[in-house]
Amino acid sequence: MTVLLTADPAPLSIDLAASALLLIDMQRDFLEPGGFGASLGNDVARLRTAVGPCREALRLARERGMLVIHTREGHRADLSDAPPAKVARGTPSRRIGDAGPLGRILVRGEPGHEIVPELAPEPGEPVIDKPGKGAFHATELDAILRNRGIEVLLVGGVTTEVCVHTTVREANDRGYRCVVLADCCASYFAEFHDVGLRMISAQGGIFGWVSDTSRVKAALATCPR
Ligand code: C5J
């Protein structure tokens, strides 16, 4: 089934069977006090705005039987997959691997690494554990998408200008059409969110489209279930 999705810079036609919802790093480590985001001095409450829209996007995608994929940024417990340059960067209050209120920062299996409960993956939904900012780097994401015949990604998550941007750029170079859902994304910096979205859709959609959950809902409403 194909629907016409209103987006910037132009509407696009998407085949639901060849489309997936990709939610990037909606983890406690980024959204809750005591995690990685907070250790960098950020006001993590800013990211909460994306939770409700992501829930709605999940509901819409699941209702239509679309593929839903979640990602989580984090590292092996021995940090052997964490580049020393990443661990050493900046002057955080706690570094990657240090113990904190949500367990060890950005380490797989720790409470902080989990996706926030409101957006918990359902059985059968792939969860991609990624060591980098981009979801294609050192993961099986591309294989999963190709094996499922996916051509279009509806993308939400955090943060807009870091892991969402990096992943969308990677996806675009691999030939996927990416529609970033503005209300499903958030940043610790309001201006980075706004400019990050504009960078995607500028120049005729230089590496994607920007839409939102209400426009997805409207597009789906034109297509009987
Ligand atoms: C960051 C991410 N901001 N998920 N990670 O370090 O955007």
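Against the list (1) over 16 Å from residue 24 (Cβ atoms); (2) of a type outside the set (S, T, N, Q); (3) crowded, with 22+ Cβ neighbours inside 10 Å, the condition residue 194 fails is (3).
Across the range 136-162, the qualifying residues are those that are in a loop (DSSP other than H, G, I, E, B) and not small (Gly, Ala, Ser), and the one among them that is nearest to the ligand (Cβ to nearest atom) is 159. Within the range 163-181, being surrounded by fewer than 24 Cβ atoms within 10 Å (Cβ to Cβ) and in a strand (DSSP E or B) holds for 177, 178. You will find that of 92, 123, the residue that is modelled with pLDDT of 95 or more, under 28 Å from residue 223 (Cα atoms) and more than 17 Å from the chain's Cα centre (by Cα) is 123 and no other.
Okay, residues lined up against (1) buried (at least 20 other Cβ atoms within 10 Å of the Cβ); (2) touching a residue at least 60 places away in the same chain (Cβ under 8 Å); (3) acidic (Asp, Glu):
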| residue | (1), (2), (3) |
| --- | --- |
| 62 | no, yes, no |
| 73 | yes, yes, yes |
| 89 | no, no, no |
| 103 | no, no, no |
| 109 | no, no, no |
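Comparison of 188, 176 shows that the only residue that is over 15 Å from residue 70 (Cα atoms), of a type outside the set (Gly, Ala, Ser), touching a helix residue (DSSP H, G or I) at 6+ places or on another chain (Cβ under 8 Å) and touching a residue at least 40 places away in the same chain (Cβ under 8 Å) is 188. Within the set 35, 52, 109, the sole residue that is over 30 Å from residue 205 (Cβ atoms), away from the ligand (no atom under 16 Å from the Cβ), within 21 Å of the chain's Cα centre (by Cα) and small (Gly, Ala, Ser) turns out to be 109. Test residue 62 against the criterion of being in a helix (DSSP H, G or I) and more than 15 Å from the chain's Cα centre (by Cα), and give yes or no. Yes; evaluated as a whole, the condition is true for this residue.
The values are calculated or read from the model by the stated rules, or taken from the named source; none is laboratory data. Remember, it's a predicted structure, so these values are computed and weren't measured experimentally. Note that we place each Cβ from the backbone using ideal geometry, even for glycine, and neighbour counts take in every protein chain shown.
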